[in-house]
Amino acid sequence: MAIKAEYIWIDGTEPTARLRSKTKIVDSTKNLPIWGFDGSSTSQAPGKASDCVLKPVFQCPDPIRGGDSILVMSEVLLTDMTPHVTNTRALLSPIADKFAAQEPLFGIEQEYTFFKEGRPHGFPVRGFPAPQGFYYCGVGADEVFGRDVVESHLDACLTAGLGISGINAEVMPGQWEFQVGPLSPLDVSDQLWVARWLLYRIAEDFGIAATLDPKPVSGDWNGAGAHTNFSTKAMRESYDPIIAACEALGKNAAEHVAQYGSDIELRLTGSHETAPWNEFNYGVSDRGASVRIPWQVEVDKKGYIEDRRPNANMDPYVVTRLITNTCCSALA
Ligand code: ADP
Ligand code: MN
Ligand code: MN
Ligand code: MN
């Protein structure tokens, strides 16, 4: 049987990596083979030694091609089968194993912006649309732009079996969010990357480009983030570990922020529902805090915390590794 397998991987573009993919015809969806690509075309290898290896790590039904077709999230290896320097999943894997007994879970809110004809979808040809205020969770043709793409993406994620947990329109025209999780560190990261690929791929058919740019329009417009919600088994059962996790994040704030996505200082300004990038605080219900404890969590005295700092363009393999390592070390 001839089955289309779309191998997806993360390239070497700096400062923010991009997704690449290509199709392999396979005769079974079980025991998928390793594959290769030209690393000299993806900023991952010199031309004289250009071969890089693709190793499948996660697969799901391909909702676009349908039938037996599959999507195959892959990690990049060197030809000696060691991880490529761009392979951030290889760094997460041992940390996820080390702290698996604490059962860390993540729910990631992926914000993004649609662009059409060189400007945010819904922006007029000249000047700016009405200021922020009615776009967030809005309804109606004067407030909402791109819902057809968003609905198509949601259906695709569900058909693929991804752990998508919701969508909403955001505060700027053409800006949206989807959430993936709660899932384990490796699962949420693999599935977020596949959900991003599906977003780009589906928007392509509508003649629209989706971007994870953290500050797509300067001025009085919110940037795009990737709020990262986190809990361990202990945090889901009592309140002291919730506070201990917040305190641990505070002690490692600079190290985290430096790896939470390029241009983070443009987004974490201290206004637009953010805390300044070079300060740390946490608080109940506080959307101006670095880390928010949801009000329900304080009432229930258990649950999860929301790290509001990660940028939309963050690498979930990096962010979930840092949070798992910092919080689970403190809670051990
Ligand atoms: P916000 O109010 O900040 O917009 P969202 O509803 O967009 O919040 O996202 C909250 C995310 O938190 C969801 O992805 C949800 O699955 C996740 N979540 C809920 N409970 C937990 C938990 N115990 N641990 C980790 N993530 C969780
Ligand atoms: Mn949200
Ligand atoms: Mn949001
Ligand atoms: Mn949030």
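Rule-based calculations on the coordinates, nothing more; no lab input. Keep in mind the model is a prediction, meaning the values are calculated, not measured. Backbone-built Cβ (ideal geometry, glycine too); neighbour counts: all protein chains shown.
Worth a mention:
- Test: residue in segment 19-41 that is within 26 Å of Lys215 (Cβ to Cβ), free of Cβ contacts under 8 Å to residues at least 40 places away in the same chain and not in a strand (DSSP E or B): no
- Failed criterion for Arg65 (all others in (1) part of a loop (DSSP other than H, G, I, E, B); (2) surrounded by fewer than 14 Cβ atoms within 10 Å (Cβ to Cβ); (3) of a type in the set (Lys, Arg) hold): (2)
- Residue within segment 89-107 that is in contact (Cβ under 8 Å) with a residue 60 or more places away in the chain, in contact with a Lys or Arg (Cβ under 9 Å, 6 or more places away or on another chain) and among the aromatic types (Phe, Trp, Tyr) present: no
- In segment 163-187, the qualifying residues are those that are surrounded by 24 or more Cβ atoms within 10 Å (Cβ to Cβ) and of a type in the set (A, V, I, L, M), and the one that is nearest to ligand 2 (Cβ to nearest atom) is Val180.
- Tally of residues being in contact with a helix residue (DSSP H, G or I) (Cβ under 9 Å, 6 or more places away or on another chain) and at negative phi across segment 247-278: 18
- Residue within segment 219-237 that is within 16 Å of ligand 2 (Cβ to nearest atom) and over 20 Å from Ser189 (Cα atoms) present: yes
- Counting only residues that are surrounded by fewer than 18 Cβ atoms within 10 Å (Cβ to Cβ) and either among the charged types (D, E, K, R) or within 16 Å of ligand 4 (Cβ to nearest atom) (or both), segment 202-258 holds 10 of them.
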